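Right, one structure below, let's go through it.
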Amino acid sequence: MSIEENIGAMETHTSNARSVLDKATSSYLLVFYGKKKSIDSFHQSSSCCVFTDSSAESLEKIFQDVQSLLNQGISSENMNNNVVQRDTCCVRGIHFVDYDFHQLPSNIGAVFPDVRQCSFYQCPNFDSFQSTLEQFPALTTIAARDCPSLTSLTSLYFIPDDIHLQAIRINNCGLRVEHQNDWEKGLKSLGKHGLNNASSGLVLNITSCKHLKRLPSSIHYLRNVLSCLRLESNEKLHYLPQSIGLLSRMVEFQLIHCPNIYALPTSMSGLRHNCKVSITGNEKLVRKIHNDVFLSQVEHWQKSIAANSDDEEMSDNDRSSTCPQTVSRRVSLDMSYYSEKVQKMKAYYNQSRIRQFKATVDLTILLRRAKYRAIHRIYLPPDLLGQQGGHGYYRCLERFDSMRELLDDE
């Protein structure tokens, strides 16, 4: 590279560094673009956009210049060093779009120490959160979208103890699980970190990961951390591990448009009672859950009725205890197609219907007893009644006499 080209590159980096400081003083969110054409797809305001070269070296050099400007007290016009330092600390979110780096350059956290949200979009080589987690002590949310090289969450192993991470969002990345214990190192470290973050749980969103066929069994390491698990549009996902039932802190589980999941782990019955389970876009699974829940309710119902069949009176508390809605664990299914049918099922199998059915069973027993008694009386002979016998007895007597006469004639 010639001297003129070196000077031009240095001037470009310095100009970009000044642009970063200018944007930082007027916005809480900065969006770095490796390619200018990317801005059309994200519709970001130009006041928070910074355009640089897509290489990691270029971005690292720009932030070296930013740090130098901060150290020298030089910024945009009419600003002193104190103002710049204060305003750069006000930046809360950074997005990186269309960059070629494998992980974030290591000198960005020194410029923006108070960043809470860091996201990566359309970064084809991005494959690790290590540098991101190590640079931002106030980080609460990390996200990656359209990053095909991000195949694992093992890089969460490098999460520091003082970070209170609240959300991880992965969208259309290359996540995959080849073995049950994949991601174990990262999830185990994240689980230990969560013990220091008792105030708020962790939200894990995994969306549109085309290579994800199963969740790892090591997800149980998040039992003291994970409060919400959202799986959406993972078309090849077909297996959920039994260890999901160990997520004792989870209060919401969402399964949206994952058509190859045909059954939920039986261990999910061990989740906390207020955990909301939402299933959308999987009619086969919804139908199976309805059948399983209904059959378990009917079985318990029949046992309860049989146990109380000898009692002529049953208190309201006893009846309510036999209600399927009371004895079974509720599964909340947020569905557009089946919502009306579910409501009808709940309306039909309520306590009043159970009381009506119980009355029908009792009436059937009484009718059968009355029938047997009537038949008995009809065929009684007159000497036992003390009066004329039943007509059934006389008909039988006539047939017997006629048959005896025929036999005597022969």
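Only the coordinates and a few stated rules stand behind these numbers; no lab work does. Here the structure is a predicted model, which means the values were calculated and not measured. Cβ atoms come from the backbone with ideal geometry, glycine included; neighbour counts cover every protein chain shown.
Residues whose amide H comes within less than 5 Å of that of Val50, counting only those at least five positions distant or on another chain, are Val31, Phe32, Tyr33 (H built at 1.01 Å from N in the peptide plane).
Cβ-to-Cβ counts within 10 Å put Cys48, Cys118 in ascending order as Cys48, Cys118, the fewest first. Charge tally around Ser248: other residues with Cβ under 10 Å, Lys/Arg +1 each, Asp/Glu -1 each, net +3. You can think of it this way: the chain between Thr266 and Cys90 has 58.6 nm of extra reach, that is 0.36 nm per residue less the Cα-Cα gap. Taking other C-beta atoms within 10 Å as the exposure proxy, Leu156, Leu69 rank Leu69, Leu156 from fewest upward.
With a simple spin-label model that places each label point 7 Å from the Cα along the Cα-to-Cβ direction, the separation between Glu283 and Phe51 comes to 4.9 nm.
Fewest-first ordering of Tyr372, Tyr394 by other beta carbons within 10 Å of each residue's beta carbon gives Tyr372, Tyr394. Between His273 and Asp114, take the C-beta separation as r, use R0 = 35 Å, and let me know the FRET efficiency to the nearest 0.05. According to the calculation, E is roughly 0.35. Taking 0.36 nm per residue of separation and subtracting the current Cα-Cα distance, fully stretching the chain between Leu367 and Asn125 would add 79.2 nm. Using R₀ = 60 Å, calculate the FRET efficiency as 1/(1 + (r/R₀)^6) where r is the Cβ-Cβ separation of Asp401 and Ala359; round to 0.05. Rounded to the nearest 0.05, the efficiency is 0.80. So, in Å, what gap is there between the alpha-carbon centers of the stretch 96-110 and the stretch 114-150? Distance between centres, Cα-based: 8 Å. If you take all other residues with their beta carbon under 14 Å from the beta carbon of Tyr239, and give Lys and Arg +1 and Asp and Glu -1, the sum is +1.
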